[in-house]
Structures are given as C-alpha cells and as structure tokens.
Ligand code: COA
Ligand code: MG
C-alpha cells in the first residue's frame, strides 16, 4: 500500500470520491474526524459503505480506523464494522504488541460470529500516539499474523507531551516526533511489516508533501497516509520504483545470479553485498505490486 487516504465515515460524498482517487487504500475514519455525538451513526455509515465497496471490481483496500481501546468505543465499532468485512482495521493509540494481541482476539470472536474466515481482517497499528507507546514500539514482533503495518502520528503525541508545537518554522518535525518516526520505522522492520509514514496536514502544500514523502522513502517507509485526494498522486509516484531504480535492482540481482555462492559482486566499480541484494529484491517486489 503506497497511499492510504483518510475519509471521515460520516462524509458520504467524500467516500464515493475516494473510491476513484487512485489511493491504494482508504481509511474510513471513526476516530478523530467524528465528534462524539456522531459516533453511532458514523459506524453504521462505515459498515454500509464497506459492505457495498468490497464488491467493486477494481477497488482500493478498505480499512476502518476504530476508536482506541481507552475510549470504550472500540467494541461497538468492531461489532458494527466487522460483519461488513473490511480488509483491515486501523488501531489508533496502540501501546505495543499486547494491544495487537487484544485486537486480534476481538476480531477473532467477531469473525466467528459473522461466519468469516478466521484472520481475514488485518491490523494496521498507529504505534506512537502516546508516551507509553514510544517505549513499546519494539514489541510488535510476533504479536499477530494479522499485523500488516505500523504507522505513526504526531498530533496526539504532541498533546500528550504537552508540547506547543511539533514542527519548526520550516515545517520540519521537531526531535520528539523524529524519534517517534524512527521508532515506528525500526519497530516495523523488527516485526517484518510495512512502515507507513504519517500524514502531511498542510494539504495545499504539494512541495512539502513531496519532500516528506521522498524523505520517508529514503529512510525505508514504503507508504504514506493522506488526508486529501490531491495528495494521492504524489505519494503513489514517489513510492513507485522508478525505471532507473528497477534497472539498477535487476542488475544487482543478475550479478549475484551470475556469481552463485559469492557474497559480494562488483558492478560498474561499486561493491554490492548481501544487504544490497535484499534491498534490490524489495525494490523489484514493490515494482511488481
Ligand atoms: N476523501 C475524499 N474526498 C475528499 C477528501 C477526502 N479525504 N478531502 C476532500 N475531498 C473532496 C471534497 O469533498 C471536494 O469534493 P468536490 O470537489 O466534489 O466538492 C474535493 O475533494 C476538494 O476538496 P477541498 O475543497 O479541497 O477540501 P475540503 O475543504 O472540502 O476538505 C478536509 C478539507 C481536510 C476537511 C478534507 O480533506 C478531509 O475531510 N480530510 C480527511 C480528514 C480526516 O479523515 N482526518 C482524520 C485523519 S488525520
Ligand atoms: Mg489521532
């Protein structure tokens, strides 16, 4: 999943528009974009939308962001949306692998009641939204086969830390959020799942989005969340391996295949070893997807 577009669950027009936005995934939101009095209606809208959208032939992956466990709303969210069979739920304010285990159990029970295959609904966790969560970012490995990705957020974290800002005057994340970003990246790599970059809230600023997306790709993220359809093409472009990157990756794989049993090869005067081969294979896998 290169691009994951947030859509408030109570916004019928945006939900329809999002289906043809080109996003690899939609995140139908029941959490921060839905005020408390609207939660119950939003759940019903989300379920109705998913039930219909899953039948479309060429469709994005369909995720539902439920409310966090601490709100007491998560069980009712799952009761309503699981029978519609979204591809995944997004778990906000996740505090480590233990919360993923908890979400897994809740999903298993509801999949059984809805006669869905056990494990069919995956989990994407937002791993850095509380201070506690930062210290647990390394605990996702082995939590559940359902875990598909980790992502991170700076807004809730800055509120919890009591910060005045999370970005500097040039729009760059300040230290506590750069730490959260790095912990998400390392936590995802340790758990062998996809790392997805957070949203760029300044949605009219295409240059800032491109810069952040390119920095994310450089560091190892393979996708990014969006809040506006205009952000989707830029994110897709940056996370689609370029022709040059694919050619380079093919050359690395071919050089190792031509030298079986060798740990290092030289191409055009540059040394490549096993980690380069691993990276080249990842690029080719993403190009194929
Ligand atoms: N998904 C689908 N369509 C969207 C969209 C989204 N996330 N955001 C905007 N659009 C649509 C608008 O409805 C509008 O459609 P129209 O041309 O048919 O009227 C078009 O794209 C242009 O929208 P624009 O006027 O530029 O923005 P806006 O002021 O209507 O909306 C936001 C701005 C931020 C309210 C909106 O982008 C949004 O709701 N984003 C998601 C918020 C969210 O889910 N937050 C939680 C996670 S952080
Ligand atoms: Mg939030």
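The values are calculated or read from the model by the stated rules, or taken from the named source; none is laboratory data. Values in this document were obtained by computation on a predicted structure and should not be read as measured data. Ideal geometry is used to build each Cβ from the backbone, glycine not excepted, and the neighbour counts take in all protein chains shown.
Some values worked out for this structure:
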{"read-out": "Test: residue in segment 85-96 that is more than 17 Å from the chain's Cα centre (by Cα) and either at pLDDT 95 or above or within 13 Å of ligand 1 (Cβ to nearest atom) (or both)", "value": "yes"}
{"read-out": "Members of segment 20-40 found to be in contact with a helix residue (DSSP H, G or I) (Cβ under 6 Å, 6 or more places away or on another chain), more than 7 Å from ligand 1 (Cβ to nearest atom) and in contact (Cβ under 8 Å) with a residue 40 or more places away in the chain, listed by number", "value": "22, 23, 28, 30"}
{"read-out": "Residue list for segment 18-48, filter: assigned to a loop (DSSP other than H, G, I, E, B) and within 16 Å of ligand 2 (Cβ to nearest atom)", "value": "30, 31, 32, 33, 34, 35"}
{"read-out": "Per-region count, segment 130-152, residues part of a loop (DSSP other than H, G, I, E, B), within 16 Å of ligand 2 (Cβ to nearest atom) and surrounded by fewer than 24 Cβ atoms within 10 Å (Cβ to Cβ)", "value": "1"}
{"read-out": "Segment 87-106 residues that are within 30 Å of residue 56 (Cβ to Cβ) and touching a residue at least 60 places away in the same chain (Cβ under 8 Å), paired with ones that are within 16 Å of ligand 1 (Cβ to nearest atom) and part of a loop (DSSP other than H, G, I, E, B) (beta carbon under 8 Å, 6 or more apart)", "value": "90/66; 92/31; 92/32; 92/66; 92/67; 92/68; 92/129; 92/153"}
{"read-out": "Residues that are farther than 20 Å from residue 125 by Cβ and in contact (Cβ under 8 Å) with a residue 40 or more places away in the chain, drawn from segment 51-86", "value": "59"}
{"read-out": "Yes/no for residue 234 being under 20 Å from residue 21 (Cβ atoms) and out of contact with any helix residue (DSSP H, G or I) (no Cβ under 9 Å at 6 or more places or on another chain)", "value": "no"}
{"read-out": "When residues of segment 55-73 are limited to those that are within 19 Å of the chain's Cα centre (by Cα) and assigned to a loop (DSSP other than H, G, I, E, B), the one surrounded by the fewest Cβ atoms within 10 Å (Cβ to Cβ)", "value": "59"}
{"read-out": "Condition met for residue 75 (in contact with a helix residue (DSSP H, G or I) (Cβ under 9 Å, 6 or more places away or on another chain), at negative phi and within 16 Å of ligand 2 (Cβ to nearest atom))", "value": "no"}
{"read-out": "Counted residues, segment 97-133 - those being within 21 Å of residue 84 (Cα to Cα) and under 17 Å from the mean Cα position of the chain (by Cα)", "value": "7"}
{"read-out": "Evaluation of residue 17 against (1) within 13 Å of ligand 1 (Cβ to nearest atom); (2) under 17 Å from the mean Cα position of the chain (by Cα); (3) surrounded by fewer than 19 Cβ atoms within 10 Å (Cβ to Cβ) (one fails), failing number", "value": "(2)"}
